[in-house]
Amino acid sequence: MLIQAGSHEVLLDDATRLAVKAAADDVAVILDITPGVPHVFQAFAALLEEGDAALNRIAQFVKDNTRETARSTS
């Protein structure tokens with residue numbers, strides 16, 4: 001599970017609690033907090049370098065995890 005939030009995110013506490021709960025339930029989790037950005041900063045990837053970088057991390061996470069899933073099922 002990948003959870004992304006900005007340090008100025010209105011739901012940062014919720015994101016943190018979700019990550020802690022997932023880890024406690026043996027779910028592999030990455031809590032990816034980007035400093036200085038607000039809620040849904042990824043939507044502004046065309047304007048914010050941080051948003052663009054976050055989308056790249058999402059793409060890499062999906063690529064890495066779907067590749068692993070494909071290996072596990074073959």
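The values are calculated or read from the model by the stated rules, or taken from the named source; none is laboratory data. Because the structure is a prediction, the values reported are computed rather than measured. Don't worry about glycine lacking a Cβ; one is built from the backbone with ideal geometry, like all the others, and counts go over all protein chains shown. With ligands, DNA and RNA removed, areas are computed over all heavy atoms of the protein, side chains included. Shrake-Rupley method; radii C 1.70, N 1.55, O 1.52, S 1.80 Å.
Brief remarks follow.
- Count of the range 23-36 residues which are open to solvent by 80 Å² or more (accessible area, probe 1.4 Å), acidic (D, E) and either at positive phi or part of a strand (DSSP E or B) (or both): 1
- Residues of the range 13-50 that turn out to be within 20 Å of N65 (Cα to Cα) and either in contact with a Pro (Cβ under 6 Å, 6 or more places away or on another chain) or of a type in the set (D, E) (or both), as a count: 3
- Residue in the range 3-18 that is among the polar types (S, T, N, Q) and assigned to a loop (DSSP other than H, G, I, E, B) present: yes
- The range 12-22, residues that are of a type outside the set (D, E) and surrounded by fewer than 14 Cβ atoms within 10 Å (Cβ to Cβ): R17, V20, K21
- Flag for L55 being part of a loop (DSSP other than H, G, I, E, B), out of contact with any Asp or Glu (no Cβ under 8 Å at 6 or more places or on another chain) and over 12 Å from E9 (Cβ atoms): no
- Across the range 37-52, the number of residues qualifying as open to solvent by 40 Å² or more (accessible area, probe 1.4 Å), part of a loop (DSSP other than H, G, I, E, B) and in contact (Cβ under 8 Å) with a residue 12 or more places away in the chain comes to 2.
- Here the range 18-69 is the region considered, the condition is being at pLDDT below 95 and among the β-branched types (V, I, T), and the residue that is farthest from the chain's Cα centre (by Cα) is T69.
- Within the range 11-56, the residues that satisfy the criterion of being farther than 12 Å from M1 by Cβ and among the small types (G, A, S) are A24, G36, A43, A45, A46, G51, A53, A54.
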